[in-house]
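What follows is a single structure, written as C-alpha cells, with notes after it.
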Amino acid sequence: MALVFTHYPRRSELAFPSDFDELQAVVGQLKKLKEEHFYHVLLLFSLAYLYKQTFAIPGSVFMNIVSGALFGLRWGLPLVCLLTATGASMCYLLSYCFGKELVVKYFGHRIRPIQDKLSSDQQSLLLILISLRLFPMSPNWFLNMTSPILGIPLHLFFMSVLIGLVPYNYLCVQTGLILSELQTLTTVLNSQSAVLLLLGTACLLATALFLRRRRQQVKTE
C-alpha cells in the first residue's frame with residue numbers, strides 16, 4: 001500500500017477520513033485521480049480497505065461510502081463485500097496466529113458463554129453467524145478477533161461476513177452515490193434501516209431455532 005501511495009503526486013492531501021468534511025475532500029481528490037489512473041485508485045482503495053479490516057481499525061462506513069462515490073453501486077457493492085470478507089479473514093488469521101493469549105486475557109469472560117452456545121448448535125452455525133453480522137449493534141471487530149478462539153472454521157467465517165454484511169454495505173455504498181447531497185452521516189443508518197436489519201436478524205435466528213427444534217424432534221422419534 002505504501003508503494004502505491006507514494007506514486008500519487010498529491011499524496012499529502014489524502015488520508016483516512018474521520019469526519020464528513022474530510023470524507024468529501026478525499027472523494028473529490030480520488031475522483032480526479034480516477035479519471036486518468038483508474039486501476040491505481042482501485043488498487044490503492046483495496047489495499048487501504050484491507051489494511052483497516054486486518055487491524056480492526058474503525059471507519060469502514062467511510063470506506064464503503066467512498067466505494068459508492070467512486071465505483072457506483074454495480075461495482076462498488078461487490079467490491080466492498082469481497083474486501084470486507086477478505087480483510088476480516090486476515091484479522092481472523094492474525095488473531096489465530098499471534099493474538100490468542102491477548103484475546104483470552106481481555107475477553108475470556110465474554111467468549112466462554114458464546115462458545116458454549118455455538119458448540120451446542122453446530123448445524124445451524126452459519127445462520128447464527130450471519131444473524132450476528134446482520135444485527136446493526138454487533139461489534140464486528142470483536143467477532144473477527146474472537147472467532148478463531150471460538151473454534152469457528154475459516155470458511156464459515158468468511159461466508160458469514162460476505163453474506164451477513166451485504167445489507168449494511170449496500171446502505172453505505174448507496175449513500176456514496178448521493179454524497180454531494182448529504183449534510184451528515186446519520187442518513188447511512190437511520191431508524192428505518194436499523195429496524196429492517198433487526199427484522200432480518202430476527203428471521204434468521206428464528207429459522208435457526210426452528211431447525212434446531214426440528215432436529216431434536218427427529219432424534220426423539
message: Leaving out ligands, DNA and RNA, and with a 1.4 Å probe, what % of the accessible surface on segment 78-177 is carbon or sulfur?
response: 69
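Just order 77-88, 133-144 by mean Cβ neighbour count inside 10 Å, highest at the front, would you?
Details: 77-88: 21.6, 133-144: 17.9.
In decreasing order of mean packing, 77-88, 133-144 become 77-88, 133-144.
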- prompt: Given labels modelled 7 Å from the Cα in the Cβ direction, how far is it in nm from Leu42 to Phe142?
  reply: 3.8
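For segment 27-135, what is the accessible area per residue in Å² when the probe is 1.4 Å?
Details: 5730 Å² over 109 residues.
On a per-residue basis, segment 27-135 sits at 53 Å².
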- request: Treat each spin label as a single point 7 Å out from the Cα along the C-beta direction, and report the Leu177 to Ile57 distance in nm.
  value: 2.9
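Return the FRET efficiency for the residue pair Gln24, Asp116: r is the Cβ-Cβ distance, R0 is 45 Å, and the value is rounded to the nearest 0.05. Don't jump to the answer; show the numbers that get you there.
On the way: r = 46 Å, r/R0 = 1.03.
About 0.45, to the nearest 0.05.
The values are calculated or read from the model by the stated rules, or taken from the named source; none is laboratory data. Fair warning: this is a prediction, and the values are worked out from it, not measured in the lab. Cβ sites come from the backbone with ideal geometry, for glycine too, and all protein chains shown count toward neighbours. The protein model used for the area step is the full one, side chains on, heavy atoms only, and it has no ligands, DNA or RNA in it. Shrake-Rupley method; radii C 1.70, N 1.55, O 1.52, S 1.80 Å.
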